[in-house]
Amino acid sequence: MTSIQADNYSIHFNAEAYKHLNSYLNTVKFSKIFVIVDSNTHDYCLPKFLANVETEVTIEIIEIEAGEIHKNIETCVGVWEALAELDADRKALIINLGGGVVTDLGGFVACTYKRGISYLNVPTSLLAMVDASVGGKTGVDLGVLKNQVGVINSGEMVLIDTSFLQTLPDIQMLSGLAEMLKHGLIYSRNYWNKFNDWTLKNFDELDALIYESVQIKYDIVTEDPFENDRRKSLNFGHTLGHAVESFYLTNPSKRELLHGEAIAAGIILECFISYKLAEFSKKDLDEVVSIITRLYQKVEINSNEYNPIIELLKHDKKNSYGNINFVLLENIGSPKLDCKVENNLIVEAFDFYNNCYK
Ligand code: NAD
Ligand code: ZN
């Protein structure tokens, strides 16, 4: 697969990725290399990664606990302290080897340690490959509020080795798949159509689908790196998806909900609102519902939970001047930005979602 080359960073795939990494490590003389892993990628991904790295430079490993609840400033403090204890100077390199938690947190740590040192991402989950590791958004959560503190900085390169996915649990695959579906919905009907009868078992086609998804995300963020316009479309499914995700996080009685599961629900909710407000056709709505309900289990949202979830929209990062801004769809592939939505329509959307699974 051909590399994707930007002005200030590049994305490389599979065997080529290690060639680029090794030549980069031999060209830029780093003082030390720090690989940030979580407890899972330490066991499943680190041995393979290290076996492919050729460098004389000392490599240190910094491990964080796995899971979104550790994507916070306390974990950053632990990593900053570990870097200081291990004599990381301004010529050190951080390599984030993990899912979106490691790439988001590790990127933020790198951008802030000594006012910023070099870093690169080696995403190991599907979600991190097609989404989190591309586009330069780094950061951590503040309590239950997602990604409230962070910076935008793309790092030096992204190395995507799809063979890491062999050990990723199915449910995590589904989590990443939601972002790929979103990419089709906001950017390309042709790409979306490829998921019509696709299942997680179609491994042969996965590499090409990942490549195309990365290309879509890359194209969008390159055109609008600071989210003034087109980049906002990537938030499709995320306004209500994030609110549902936060609601589940704050309620101990709820099961663990993965980001992509919440986004899959958010996609149906926001497609319904698009149908009501943005001329999205009933036929397209039915198609979206059919694909999502085939791939994803229902996210339980009782009617007495609608209002508390709507309350959480106040914290959405896309809000400006007190307004909640939705991305809607006019067609598959054509987003409509900055739409205002009344609360009663959101309630109707939750009812619609609940009926999709009956
Ligand atoms: P994650 O990093 O928690 O990874 C999911 C789980 O899979 C973890 O338990 C992890 O240890 C494990 N894992 C990762 N790779 C593995 C492998 N190859 N084999 C076995 N287990 C493996 O979560 P995620 O779904 O990768 O990412 C979610 C995070 O990404 C969220 O915090 C979200 O906010 C963030 N995100 C960021 C952006 C962005 O633009 N920066 C975009 C989307 C999502
Ligand atoms: Zn997402």
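Taking region 94-119 as the range and being surrounded by 24 or more Cβ atoms within 10 Å (Cβ to Cβ), of a type in the set (A, V, I, L, M, F, W, C) and more than 18 Å from HIS42 (Cβ to Cβ) as the test, the residues that pass are PHE108, ALA110. When ILE61 is tested against (1) more than 19 Å from VAL151 (Cα to Cα); (2) touching a Leu at 6+ places or on another chain (Cβ under 6 Å), just one condition goes unmet, and that condition is (2). Taking region 18-48 as the range and being over 15 Å from VAL102 (Cα atoms) and either in contact with a Phe, Trp or Tyr (Cβ under 6 Å, 6 or more places away or on another chain) or within 15 Å of ligand 1 (Cβ to nearest atom) (or both) as the test, the residues that pass are PRO47, LYS48.
Find the helices (runs of 4 or more DSSP H) located wholly in region 160-234 whose residues include 2 or more that are within 18 Å of ILE263 (Cβ to Cβ), open to solvent by 20 Å² or more (accessible area, probe 1.4 Å) and within 15 Å of ligand 1 (Cβ to nearest atom), and list them.
Those helices (runs of 4 or more DSSP H) span 170-187.
State whether one or more residues within region 101-119 are part of a strand (DSSP E or B) and either touching a Leu at 6+ places or on another chain (Cβ under 8 Å) or within 16 Å of ligand 2 (Cβ to nearest atom) (or both). Looking through region 101-119, at least one residue is part of a strand (DSSP E or B) and either touching a Leu at 6+ places or on another chain (Cβ under 8 Å) or within 16 Å of ligand 2 (Cβ to nearest atom) (or both). In summary, PHE247 fulfils each of the numbered conditions (1) surrounded by fewer than 18 Cβ atoms within 10 Å (Cβ to Cβ); (2) under 25 Å from VAL341 (Cβ atoms) with the single exception of condition (1).
Considering each residue of region 137-153, count those that are open to solvent by less than 30 Å² (accessible area, probe 1.4 Å), within 15 Å of ligand 2 (Cβ to nearest atom) and in contact with a Gly (Cβ under 8 Å, 6 or more places away or on another chain), and give that number.
Matching residues across region 137-153 total 2.
For PHE280, are the conditions met, namely being assigned by TED's automatic domain parsing to the domain that holds SER175, in contact with a Pro (Cβ under 8 Å, 6 or more places away or on another chain) and at pLDDT 90 or above? Walk me through how you get there before you give the answer.
Working: assigned by TED's automatic domain parsing to the domain that holds SER175: yes; in contact with a Pro (Cβ under 8 Å, 6 or more places away or on another chain): no; at pLDDT 90 or above: yes.
For PHE280, the condition - assigned by TED's automatic domain parsing to the domain that holds SER175, in contact with a Pro (Cβ under 8 Å, 6 or more places away or on another chain) and at pLDDT 90 or above - is not met.
Among residues of region 81-103 that are not assigned by TED's automatic domain parsing to the domain that holds LYS32, none has a beta-carbon under 8 Å from a residue that is more than 16 Å from ligand 1 (Cβ to nearest atom) at least six positions away or on a different chain.
Of the residues making up region 113-148, those that are more than 9 Å from ligand 1 (Cβ to nearest atom) and touching a Phe, Trp or Tyr at 6+ places or on another chain (Cβ under 7 Å) are TYR113, VAL122.
Pairs meeting the criteria (first residue in region 12-27 and under 18 Å from VAL130 (Cα atoms), second residue open to solvent by less than 70 Å² (accessible area, probe 1.4 Å) and in a strand (DSSP E or B), beta carbons under 6 Å, at least 6 apart or on different chains) are HIS12/LEU159; PHE13/ILE160; ALA17/LEU159.
The values are calculated or read from the model by the stated rules, or taken from the named source; none is laboratory data. Small disclaimer: the values here were computed from a predicted structure and weren't measured. In this analysis, Cβ positions are derived from the backbone assuming ideal geometry, glycine residues included, and neighbour counts consider all displayed protein chains. With ligands, DNA and RNA removed, areas are computed over all heavy atoms of the protein, side chains included. Shrake-Rupley method; radii C 1.70, N 1.55, O 1.52, S 1.80 Å.
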